[in-house]
Amino acid sequence: MSKGPATRQTPFGFQDPREIGAAVLYFASAAARPVTNQVLAVDGGFSIS
């Protein structure tokens, strides 16, 4: 039986605000210039579990 979103755990735990900030900083940097039309899920694996 599949668990609903309210009871499902994230495989890698909850994210620290610094980890989310690092993802935002990456997309705002020159290193992300060739990256287009992408979504980066900083959710501890919740979206794939």
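Miscellaneous remarks
- Taking each residue of the stretch 1-12 that is over 16 Å from residue 44 (Cβ atoms) and at pLDDT below 70 and looking for partners that are in a loop (DSSP other than H, G, I, E, B) and open to solvent by less than 100 Å² (accessible area, probe 1.4 Å) with beta-carbon atoms closer than 9 Å, six or more apart or interchain, yields 2/8.
- Single residue of the stretch 25-49 satisfying the filter (of a type in the set (A, V, I, L, M) and not in a helix (DSSP H, G or I)) that is most open to solvent (accessible area, probe 1.4 Å): 39
- Residues of the stretch 6-24 that turn out to be open to solvent by 100 Å² or more (accessible area, probe 1.4 Å) and assigned to a loop (DSSP other than H, G, I, E, B), as a count: 4
The values are calculated or read from the model by the stated rules, or taken from the named source; none is laboratory data. What you are looking at is a predicted structure, and each value in this text was computed from that prediction instead of being measured. Every residue, glycine as well, gets a Cβ built from its backbone with ideal geometry; the counts of neighbours run over all protein chains shown. Calculation scope for accessible area: heavy atoms of the full protein, side chains included, ligands and nucleic acids excluded. Shrake-Rupley method; radii C 1.70, N 1.55, O 1.52, S 1.80 Å.
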